[in-house]
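Take a look at the structure set out below.
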Amino acid sequence: MNQELFKTDEIASAITRIIDESQKYCFIVTPYYNVWDQLAKSLAKAAQQQKKLVFFIRYEVDYVEGGINYKRIKVLIDYGFDVVYVKNLHAKLYMNEKEILVTSLNMYDKSVRANFELGINIRGRSEYFKKNFIENELLGAKEYYGQNGQEECYRIVEGRYFAEKREREEEEKKKEEERLQAEMKRKEERAQLLSERNSKLENNENKGFCIRCGTVIPLDSTRPFCLDCYKKWASWGNYDWQEKFCHVCGKEFNNISMRKPCCSQHLKSQNKPSYF
Ligand SMILES: [Zn+2]
Ligand SMILES: [Zn+2]
C-alpha cells in the first residue's frame, strides 16, 4: 500500500517533510496562505538551501502587491521562491519529486489549529501529477500578463524554479538556432561546390563531399566522411555499406561505399586507397 491517510495533526508534519525532502522541486498549492511557526522555520531553512519551492496562491487583491496580506507573500519572494497567482484556485496539494499530499488543508495557521482536515499521500506518481495537474491544468491556462481580457488565469512571480526553467529553455533554443545555422551553411557550401563541379572540375580540387551526408570536406578518398558520419560509420566499420554521394562530384549514386567512395567516372582520378 503506497497510500496513507493523515488527520489534521499529521498533515502539517507531512507538509514539512515534503519541503525538507524536496530536491528538484516542491509545489505548494494553497489558495490561502498564512504561515505557522514550525513551518516558518522549515521555509527559512529551505531558502537557505536554495530549494525550489513554487507556491500557487489564489489570485486575490489582498495577496498581490499593495494588498493587505502581500507582506506574507513578499517573504516567499524574498526567499527566492516562485509565486504563481491563480484565479479561482481551490485545490490544495503539496508535492515534491517523491511524494504527493492531497488534502483539504490550506497552508494557513488557523486551519491547522482549529479545523477538521483530511489528507492522503501518494508516492511514485509525482511526474504524473506534475505534468497533468501543475503544468497542464494550473499553468495550462492563459497567463494574464498585461492583458485586460477575461481569459487571464495566472501570473508568475519568478523565483529559482522558473528562472532556471527559462534559462534552460533559452539555452536549448540557442543551441537549436546554432544547429540550424550550421546546417544551412553546410547546405550552401555543398550547393556552391556542386555547381562549381558542374561547370569546371579543376576548381576547388582540394575539396570533396562526405559520401554519407554530402557536406563539403577535404578531398581525400581514403577519408571520404565528415567527422560526424565517420564516427557513425566507424562503429560498424562496414566498407561495403551503401553510401549516397560521390566524394568528388557530390552527385547521388547507389553504388557508393567506403570501399568505393567515388562514382565510376571519378574513381580513376583518385589515388586508390590502400584497402582496395
Ligand atoms: Zn557526413
Ligand atoms: Zn563523381
Return the pair list, or none, for Cβ contacts closer than 6 Å from residues in the stretch 133-144 that are modelled with pLDDT under 85 to residues that are open to solvent by 30 Å² or more (accessible area, probe 1.4 Å) and basic (Lys, Arg), at least 6 apart or on different chains.
Tyr144/Arg155
Being surrounded by 22 or more Cβ atoms within 10 Å (Cβ to Cβ) and in contact (Cβ under 8 Å) with a residue 40 or more places away in the chain is the filter; apply it to the stretch 242-266 and report the residue that is farthest from Asn198 (Cα to Cα).
Met258
Which is assigned by TED's automatic domain parsing to the domain that holds Leu138, among the basic types (Lys, Arg) and not in a loop (DSSP other than H, G, I, E, B), of Lys51, Lys24, Lys74?
Lys74
Out of Leu219, Leu227, which single residue is open to solvent by 20 Å² or more (accessible area, probe 1.4 Å), more than 13 Å from Cys263 (Cα to Cα) and within 15 Å of ligand 2 (Cβ to nearest atom)?
Leu219
So for the stretch 88-99 (the condition being at pLDDT below 95, open to solvent by less than 10 Å² (accessible area, probe 1.4 Å) and touching a strand residue (DSSP E or B) at 6+ places or on another chain (Cβ under 8 Å)), does at least one residue qualify?
yes
Would you tally the residues in the stretch 225-261 being more than 20 Å from Ala182 (Cα to Cα) and not in a strand (DSSP E or B)?
20
Looking at Gly66, is it assigned to a loop (DSSP other than H, G, I, E, B), on the phi > 0 side of the Ramachandran plot and open to solvent by less than 40 Å² (accessible area, probe 1.4 Å)?
no
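The values are calculated or read from the model by the stated rules, or taken from the named source; none is laboratory data. Note that the structure is a prediction, hence the values are computed from the model and not measured. Please note: Cβ atoms are built from the backbone with ideal geometry, for glycine as well, and neighbour counts cover all protein chains shown. What goes into the accessible areas is simple: the full protein's heavy atoms, side chains included, and nothing from ligands, DNA or RNA. Shrake-Rupley method; radii C 1.70, N 1.55, O 1.52, S 1.80 Å.
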